[in-house]
Amino acid sequence: MKEIVIISGKGGTGKTTITAAFASLVENKVMADCDVDAADLHLILKPEIQHQEDFYSGKTAFIRENDCTQCGKCVEVCQFDAINPDFIVDPVACEGCGVCVWFCPVDAIDFNENLSGRWFISKTRFGPMVHARLGIAEENSGKLVTLVRRQAKLLAEEQNSDFIIVDGAPGIGCPVISSITGANAVLVVTEPTLSGQHDLERVVSLAAEHFKIPTFVCVNKYDLNGEITDQIKEFCKSNHIHFVGQIPYDDVITRAMVNGKNIIEYSNGKTAELIKNIWQNIEDELGHVIRF
Amino acid sequence: MIIGIASGKGGTGKTTVAVNLALSLENNVQYLDCDVEEPNGHIFIKPEFQKSITVGTPIPEVDKSKCTYCGKCGEICQYNAIIVVKNNVLVFPELCHSCAGCWLVCPEDAISPIDRELGILEQGNTGGIEFTHGMLRIGEAMSPPLIRKVKSEIDPAKTVIIDAPPGTSCLVIESVKKSDFVILVTEPTPFGLNDLKLAVEMVRSLKLKLGVVINRSDIGNDDVRIYCKEEKIDILLEIKNDRKIAEAYSRGTPLVELYPDYKAKFQALYHEIERRVGA
């Protein structure tokens, strides 16, 4: 079983469009959405929830007004400016470190676990899907990502799946690191803009150099700037990254999305063909890559 | 005045709005790029950096000659970043949230804070814009302290424009909190709408004023407009879908340079926000 994570560095380059298309192209797989704080894959896959659980993570301090003597010790030890002069904890600023709880001389601070989100196992027209929803203003998205991947893996083992296809998050920080550590391969979806190129270089050095994960790159809207597309191909070549394909600037992608379908279901045009080629290239390469 | 620019969905045009708003105001502007994982503002603003400093966060260093292995540090730590096993103390720097608990609690004074590198902060000027961004070190997961460092540069005497990371997580909240007004940039597609709703919830939970800018306004469908109307959220500006704009963006050319008449639109956007913040 192989787990492939689709990431991008820069947001909005087409991660979810490609992931949703793979739902049609890859046989015998589990789909997972690890972009837990702005998840969109469900809009195309339309999951029917079969099982759901609460996700508890982290704690928040709460000062009981009646027991507080306003001595100021909590304000003094808090490193996050989370306690205001009226001795009320700002739950958004509270990092859940519990230092105020420890040092409060009259034990006036409660410290309870947060309900930070929910995770789901669902049925879709493409097979099973594991996904989650992080609560508004909640932290610990990395832990929820790890949980989603673990559940997807358990399900894939149970069902003898060949692949897990994971929609990742933008950026290079905590949620992305949690999405890719230990994965079999990463596909980076980029665009030929100076921003896309800058962010690609950072995310490739995270995935390929830092974590040594086999990394594939594809370019969306390649015809927007042919010169930068060429530079991206050159960058891949000189860094031994597998360039697996490119798709044009095509409004069929938006039309498919508006109709709640992936591009493979919606169209049999050139863009859909090019995405099929991208998956074919990845599947061919995986045969080689995984061996070393 | 502090204006935060966020989006929910990535790639909708946060940086486009932030950059062009800054360039349209010309004077007394501070641009803070808080998307420290993938900062892009500098590609368009093109500042000459005069200052580059390494940003760290304090983590514990244990003086083993003083340590009695009492285990209090491990007990207070909520993140398993410091643990005592038999006659040894182990520190896991990347798990540490810099809460200071371990060095405050240590009865032997055996723990002191040392700096762990998170990334760099760069600063430079161009025209009337003072530009600052943070650049997270590759492999680093802990972006909030770097975002806080970028925000510590806020000069209240200036018009402060904050370019936030995508999403609705703690990083976005760290970036936009204490703003006088938040602009949410979206596109009129199902993904844009879904993530706009999440972003609106986030901004409302912070009790901040907000307005929407629709980018690529003539693609997709009308659902974003219908949603905004139902929620009584005003659409402050629409930017048309135009291949020339996308091509200029790809080369790092700002919209107001390609179409100078957009300058007046961004100035009007600013005045409208100023009016709403004053109200």
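Key figures for this structure:
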{"item": "Computed [θ] at 222 nm, deg cm²/dmol, chain A (DSSP H ≥ 4; -39,500 (n - 2.57); rounded to nearest 500)", "result": "-10500 deg cm²/dmol"}
{"item": "Residues A:K261 and A:N28, FRET efficiency given R0 of 22 Å [Cβ-Cβ distance, rounded to 0.05]", "result": "0.55"}
{"item": "Rounded to 10°, Cα long-axis angle of helix B:190-205 versus longest principal axis of chain B", "result": "60"}
{"item": "Candidate lysines for bridging to A:K261, where Cα separation is under 17 Å - those fewer than 8 sequence places away on the same chain excluded", "result": "A:K15, A:K46, A:K123, A:K270, A:K276"}
{"item": "Candidates per trypsin sites (Lys or Arg not before Pro) in region A:197-240, loop by DSSP, up to 14 other Cβ within 10 Å", "result": "A:K212"}
{"item": "Degrees separating the helix A:226-238 axis from the principal Cα axis of chain A, which is the longest one", "result": "80"}
{"item": "Spacing of the two label points (7 Å from each Cα toward its C-beta) at A:K270 and B:D115, in nm", "result": "5.4"}
{"item": "Efficiency of FRET from Cβ geometry, A:E158 and A:Q52, R₀ 25 Å, rounded to 0.05", "result": "0.90"}
{"item": "Amide proton proximity set for B:L237, modelled H, under 5 Å, gap of 5+", "result": "B:I214"}
{"item": "Nearest-ten-degree value, helix A:141-158 long axis tilted from longest Cα axis of chain A", "result": "50"}
{"item": "GNM result for chain A, Cα springs below 10 Å: residue of A:L45, A:L154, A:L115 fluctuating most strongly", "result": "A:L154"}
{"item": "Least to most buried among B:M1, A:M129, A:M257, B:M135 (fewest other Cβ within 10 Å first)", "result": "B:M1, B:M135, A:M257, A:M129"}
{"item": "Total charge dipole magnitude, the protein assembly as shown, about the Cα centre, Cβ charges on Lys, Arg, Asp, Glu only, Debye to nearest 20", "result": "480"}
{"item": "Relative contact order computed over chain A (Cα-Cα under 8 Å; 6+ residues apart), in percent", "result": "26"}
{"item": "For A:G9, distant residues with modelled amide H under 5 Å away", "result": "A:G171"}
{"item": "Distance between region B:112-148 and region A:234-292 - C-alpha centres, whole angstrom", "result": "35"}
{"item": "Region B:165-279: relative contact order in percent, alpha carbon pairs under 8 Å with at least 6 residues between", "result": "22"}
{"item": "Region B:159-186 and region A:88-142: distance between their alpha carbon centers, rounded to Å", "result": "21"}
{"item": "Fraction of the pair-distance distribution of the protein assembly as shown above 35 Å, Cα-Cα pairs, percent", "result": "38"}
{"item": "DSSP-assigned coil residues among trypsin sites (Lys or Arg not before Pro) in region B:1-99, each with at most 14 further Cβ atoms within 10 Å", "result": "B:K64, B:K66, B:K86"}
{"item": "Ranked list, fewest to most other Cβ atoms within 10 Å of each Cβ, for B:Y270, B:Y69", "result": "B:Y69, B:Y270"}
{"item": "Theoretical FRET efficiency, 1/(1+(r/R0)^6), r = Cβ-Cβ of B:E48 and A:D230, R0 22 Å, to 0.05", "result": "0.15"}
{"item": "Averaged over B:169-175, number of beta-carbon atoms from partner chains that fall within 10 Å", "result": "6"}
{"item": "Modelled label reach - A:E76, point 7 Å along Cα→Cβ, region B:98-121 residues with backbone N closer than 17 Å", "result": "B:100-107, B:109"}
{"item": "Which of A:T215, B:C70, B:I45, positive extreme of dipole for the protein assembly as shown (C-beta unit charges)", "result": "A:T215"}
{"item": "Positive-end residue of B:G10, A:P85, B:C34, charge dipole of the protein assembly as shown with Cβ unit charges", "result": "B:G10"}
{"item": "Label-point separation, A:V106 to B:E231 (7 Å along Cα→Cβ), nm", "result": "4.2"}
{"item": "Chain B, relative contact order [Cα under 8 Å, separation at least 6], %", "result": "28"}
{"item": "Exposure proxy order (Cβ contacts within 10 Å, fewest to most) of A:V145, B:V160", "result": "B:V160, A:V145"}
{"item": "Shape call, chain B: gyration tensor on alpha carbons, a/c limit 1.5", "result": "prolate"}
{"item": "In order through region A:215-222: 3J(HN,Hα) via Karplus (6.51 cos²θ - 1.76 cosθ + 1.60), integer Hz, x for Gly, Pro", "result": "10, 10, 10, 10, 10, 9, 6, 4"}
{"item": "Listed residues A:P192, A:V258, B:L25: farthest to the positive end of the dipole of the protein assembly as shown (Cβ charges)", "result": "A:V258"}
{"item": "Phi-based couplings in Hz for region B:51-57 (Karplus 6.51, -1.76, 1.60; Gly and Pro marked x)", "result": "9, 9, 10, 7, 10, x, 9"}
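Every number here is computed from the coordinates shown, using simple stated rules; none is lab data. Everything numeric here is computed off the predicted structure, so don't read it as measured data. All Cβ positions, glycine included, derive from the backbone under ideal geometry; neighbour counts span all protein chains shown.
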